[in-house]
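Written out below as structure tokens is the structure these notes cover.
Values in this text are rule-based calculations from the coordinates and carry no lab data. Computed from a predicted model, the values in this text were never measured in an experiment. For neighbour counting, all protein chains shown are included, and Cβ atoms are generated from backbone atoms with ideal geometry for every residue, glycine included.
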């Protein structure tokens, strides 16, 4: 079925526009692959090859032609050159994103350290409460059981 603008509606897998000369061509507004775009990852060998090709370029426009042919941007070359000059060959390989993984022993150690810190804080708070209780008892002059027993009027103990 054709829509008003001449594109063919139907299965939805690809859109084709009918042009006045009768030929069919893909609709530029609709992407052919409906897959989600993915970040490109380049191998170390590919990056080093492109850098050597760019360094070997002598005439005006050779680097631009190289970038167009490979579908790269000049920022790729700048970043890769900087990494190469810093001697970070590992930086030329694709890095995993996100939080670095840790071994089970490291996770257990981190958990125990957090628990130790939490228990230490609880101990400090408990000691502070005990000190306050000691001071309040002496401040209010509450007699202890032993003092009350000896101060009973008839000399009898409780």
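Key figures for this structure:
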{"item": "Sequence ranges 72-82, 107-117, ranked by mean other-Cβ count within 10 angstrom, highest first", "result": "72-82, 107-117"}
{"item": "Pairwise FRET efficiency - residue 96 versus residue 69, Cβ, R0 = 41 Å, nearest 0.05", "result": "0.90"}
{"item": "Sites residue 116 and residue 84, calculated FRET efficiency, Cβ-Cβ separation with R0 30 Å, nearest 0.05", "result": "0.10"}
